Structures are given as C-alpha cells and as structure tokens.
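Please read the structure below before turning to the comments.
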Amino acid sequence: MVTCGDVHRWINVPNVRVVHCNASQFQLMKLYPDAERNKNLLPTYDEQIDAIGNAGCGWTVIGDGRCLAMFGVMQLYTGVAEAWLMVDTIGIKRRKMQLTKGAKRFFENVGPAFDLRRLHIMVSVAHKEAVAWARLLDFQFEATLKQYAPDGSDSLVYARFYD
C-alpha cells in the first residue's frame, strides 16, 4: 500500500500536504476545459474518485490554499496499471517546475512500489501541454485511440516501463 506519506516524500514539493483524493476537492480546483467537460459527462465520476481515494490509490496535493493536483494509479492486473491526473490551472502556473519535478519523482517510485512492469496514461490529443509533459516524464507514445474520451475526442496512449 502506498501511503500519503510515501507520495509526499516522493514528490518532495515544499509547503504542500498530500491527502487521499475525494470528489469534493474538485470544487477547489479550476480544471482545464476539456477535463471539466469530460468529468461532467461521466455520471459516476464522483463515486469513482471517492472509491479510488478510499482504496488508497488516489491522492491530492494541497498548497497555496488550493488543491493543486489530483492523481492516482489504478492497477488493472498484476504488473500493469493506468495513471490519471487532474491539475488546477491556477496552481500549475504558480508551481509548474516544482510539480513537474515532483511528478517525475512520483513516477520513478510508484512503479516499484506497485511492482509494475508497465504504467500507461491517456492524454487528450488536443492538449499539447499534456503531451509535452508526458514525454518529459519519460512516457513513450504508443497509440492514438479514436473517439476514446467521454466527449468523443481522440486520446493518446503513453506508457512507461519498469524493469
């Protein structure tokens, strides 16, 4: 089990705290328009986020009076998981470098902690910053999934591998 303390130590971002994620934290975030739209298209999204937090597989980084980011790792089966992330558009502008370095450390540590051989993420084809960020975090492009997102837009699959 990965604890909030583990995640806090891995991301090593000053003046933040890490708590288990829950859906009410979305009210404290200003999401990117595509993320907000897709969240609203999924009627059980809040329940899913609460379940991920309760299972200990989802976390929120809180700092500057805001929820800066919510993220998690869902193990699909032994050795394989999917990660997700929602960022606060205001918080990411204020702490872009710190949060990027923290995310890099998170992904370096979460694979071994969950005994993963593969971790993948889905990125909106239209979100160029997210595409660049995935590459910066050592994820490799694998495929385009046509009409995959809840709004019918295309998504890109990026994967990271652990030995």
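The values are calculated or read from the model by the stated rules, or taken from the named source; none is laboratory data. Quick caveat: nothing in here was measured; it's all calculated off a predicted structure. Please note: Cβ atoms are built from the backbone with ideal geometry, for glycine as well, and neighbour counts cover all protein chains shown. Each accessible area value is taken on the protein alone, full model and side chains, heavy atoms only, with ligands, DNA and RNA left out. Shrake-Rupley method; radii C 1.70, N 1.55, O 1.52, S 1.80 Å.
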Assuming a ≥ b ≥ c are the square roots of the Cα gyration tensor eigenvalues, decide whether the range 81-163 counts as rounded (a/c under 1.5), prolate (otherwise, with a/b larger than b/c) or oblate.
oblate
Within the accessible area of the range 1-76, what % is carbon and sulfur when the probe is 1.4 Å and the other protein chains stay in place?
54
Return the whole-Å distance between the Cα centroid of the range 26-70 and the Cα centroid of the range 1-20.
17
From the phi of every residue in the range 58-73, what ³J(HN,Hα) in whole Hz does the Karplus formula 6.51 cos²θ - 1.76 cosθ + 1.60 yield, where θ is phi - 60° and glycine or proline is x?
x, 9, 10, 9, 10, x, 6, x, 9, 7, 6, 7, 10, 7, x, 9
Counting Lys and Arg as +1 and Asp and Glu as -1, what is the net charge of the other residues whose Cβ lies under 15 Å from the Cβ of Tyr162?
0
Once you order the gyration tensor axes a ≥ b ≥ c over the Cα atoms, which shape class does the chain get: rounded for a/c under 1.5, otherwise prolate or oblate by comparing a/b with b/c?
rounded
In nm, what is the difference between 0.36 nm times the number of residues separating Gln147 and Ala113 and their Cα-Cα distance?
9.0 nm
